[in-house]
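Where a number appears in this text, it was derived from the coordinates with a stated rule and is not lab data. What you see is a predicted model, and the numbers here were worked out from it, not measured in a lab. Backbone-built Cβ (ideal geometry, glycine too); neighbour counts: all protein chains shown.
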């Protein structure tokens, strides 16, 4: 029998264990899309330069913090309001050796989320596989995998920052550095 490890947060059990990964894999039918893509990539993409994207903040003044974790093959850009240091946005990207590596990170991220059951499939917005959640006036979330790159964009306000616009820009940047052929 597997042991559940977790904490209670606002009435929701957040756990990190095989049961939750298995549940997410089943719920999102991971077996049917694992390793598949919309394109036939002939080479893997290099890490995306998240510092070069245009942050659509609708005129809000922002401060950023950038983290490049080479050990975890991950980059993060966090955006704050300079006046009160309110967290506004986080962009996290990771790169793996294969398409399946990126998709494994996508399903692991979905399995670790307290609101995993609320994400909707929005393939076509960005990536080969994309999940989103938008709560008007509260937050926006897009996570996707394209080629060997995983992307997660979270904004704590949808009034001033468009996570969909950011996701589309990042997806275009990944396609720009991917060598690909027409899809299968």
In whole angstrom, the spacing between the Cα centers of the range 95-151 and the range 20-44 equals 11 Å
With label points set 7 Å from each Cα along the Cα-to-Cβ direction at residue 69 and residue 97, the distance between them in nm comes to 2.0 nm
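Can you figure out the FRET efficiency of residue 84 with residue 125, using R₀ = 25 Å and their beta-carbon distance, to the nearest 0.05? Spell out each step's value before the answer.
Details: r = 31 Å, r/R0 = 1.24.
For R0 = 25 Å, the calculated efficiency reads 0.20.
Determine, for each peptide in 43-53, 99-109, the mean count of other beta carbons within 10 angstrom over its residues, then list the peptides with the highest first. Don't jump to the answer; show the numbers that get you there.
Details: 43-53: 15.5, 99-109: 21.4.
Ranking, from highest mean packing down: 99-109, 43-53.
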Scattering profile of the range 80-166 from the Debye formula, Cα beads only, expressed as log10 I(q)/I(0) at q = 0.10, 0.21, 0.25 Å⁻¹, is -0.25, -0.98, -1.25
